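Comments concern the structure below.
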């Protein structure tokens with residue numbers, strides 16, 4: 001089996017898997033370790049006892065957290081970087097000379113501002129510059145879907161080292177414990193996700209918060225209350241119509257999904273070119289009906305699971321109607337769960353990495 005290190009950002013803070021890039025780092029690491037590989041998650045943490053109590057993360061014999069500053073790249077058979085920041089970290093800590101690097105990207109940008117890719121100007125240029133270095137150095141490049149692959153090849157030419165690895169959900173999830181929602185007579189509509197920040201994606205933040213506010217106002221006239229769980233800049237969230245639940249450890253987040261009545265997905269534009277919605281997999285994993293705006297590359301998951309609706313992008317009146325229909329409809333929820341377990345788990349996703357790694361280590 002291989003020795004693997006997984007690298008994300010180099011921020012000097014506690015490793016808290018509360019947004020999807022950090023959740024993916026943990027889940028890919030866990031799934032690879034279950035296959036027998038020895039996996040280290042490289043972090044730049046400063047541990048404090050109260051932080052470890054608030055955001056505990058279960059490690060195992062094959063899974064450790066190690067300090068970035070103490071890494072010796074030669075100790076590993078494989079380096080996996082997550083997102084543009086992970087490759088930046090690899091460069092910062094002089095690991096780009098490693099002979100086997102898999103670079104995973106959650107979104108591929110173009111050499112110019114483009115519809116459906118919500119990074120702009122200088123920040124988008126910075127990301128594209130990182131992609132050029134990834135293309136030159138990495139052994140394999142992992143992207144979410146075919147549109148991302150096509151954009152990469154349009155930018156850098158035909159490739160034989162592109163891996164398609166979408167997002168996923170857990171195979172095993174915690175059993176429901178206590179209802180964590182504020183007490184109310186209303187049913188719960190949940191948006192669980194990141195609304196981004198004003199420094200990296202201000203346009204996306206503005207659009208997402210505005211849509212949540214508008215949808216919250218529409219639902220306020222019904223028996224349903226909109227709630228938001230997750231990270232990002234929520235300074236302009238209208239608390240009169242949207243209940244903000246804050247940020248919680250990943251293991252606790254499942255209770256919110258389990259005790260909600262419907263999960264929603266709203267988009268930061270008319271469509272997303274190659275960045276999917278991972279929350280769709282998580283909602284469906286716990287039998288939660290989904291109402292999603294059209295335009296995500298993984299819209300088909302909602303349709304194929306037969307547990308939700310995909311509505312016209314931007315039509316929030318229709319979305320509010322479908323949310324009300326979703327909480328009343330008699331769904332075949334078990335079908336959706338079995339569909340996710342058969343097709344969209346982290347264990348299923350890492351089979352792609354496992355095959356490449358075993359071939360490399362033979």
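The values are calculated or read from the model by the stated rules, or taken from the named source; none is laboratory data. The model shown is predicted, which means the values in this text are computed figures rather than measured ones. Positions of Cβ are backbone-derived with ideal geometry, glycine not excepted, and every protein chain shown enters the neighbour counts.
Things to note:
- Those residues of the stretch 315-362 which are part of a loop (DSSP other than H, G, I, E, B) and crowded, with 17+ Cβ neighbours inside 10 Å, in sequence order: 344
- Only residues that are in a strand (DSSP E or B) and buried (at least 21 other Cβ atoms within 10 Å of the Cβ) were counted in the stretch 67-104, giving 9.
- Unique residue being touching a residue at least 24 places away in the same chain (Cβ under 8 Å), under 17 Å from residue 321 (Cβ atoms) and in contact with a helix residue (DSSP H, G or I) (Cβ under 8 Å, 6 or more places away or on another chain) when the list is 218, 237: 218
- Residue match in the stretch 252-261 (condition: at pLDDT 95 or above and touching a helix residue (DSSP H, G or I) at 6+ places or on another chain (Cβ under 6 Å)): yes
- In the stretch 198-208, the count of residues that are at pLDDT 95 or above, on the phi < 0 side of the Ramachandran plot and touching a strand residue (DSSP E or B) at 6+ places or on another chain (Cβ under 7 Å) is zero.
- For the stretch 286-305, a residue qualifies if it is out of contact with any strand residue (DSSP E or B) (no Cβ under 8 Å at 6 or more places or on another chain) and in a loop (DSSP other than H, G, I, E, B), and the qualifying residues are 286, 287, 295, 297, 298.
- Note on the stretch 187-233: residues that are surrounded by fewer than 17 Cβ atoms within 10 Å (Cβ to Cβ), over 16 Å from the mean Cα position of the chain (by Cα) and within 20 Å of residue 118 (Cα to Cα) total 7.
- Boolean, residue 177 is without any contact (Cβ under 8 Å) to a residue 40 or more places away in the chain and within 30 Å of residue 32 (Cα to Cα): no
- Looking at the stretch 193-285, the strands (runs of 3 or more DSSP E) lying wholly inside it that each contain 3 or more residues that are within 27 Å of residue 172 (Cα to Cα) and not assigned by TED's automatic domain parsing to the domain that holds residue 108 sit at 224-229, 262-265.
- Residue check, residue 127 in contact (Cβ under 8 Å) with a residue 12 or more places away in the chain, assigned to a helix (DSSP H, G or I) and assigned by TED's automatic domain parsing to the domain that holds residue 270: no
- Consider the stretch 137-180 and keep the residues that are surrounded by 18 or more Cβ atoms within 10 Å (Cβ to Cβ) and assigned to a loop (DSSP other than H, G, I, E, B). The one that is farthest from the chain's Cα centre (by Cα) is 138.
- Any chance residue 108 is in contact with a strand residue (DSSP E or B) (Cβ under 7 Å, 6 or more places away or on another chain), at negative phi, surrounded by 15 or more Cβ atoms within 10 Å (Cβ to Cβ) and not in a loop (DSSP other than H, G, I, E, B): no
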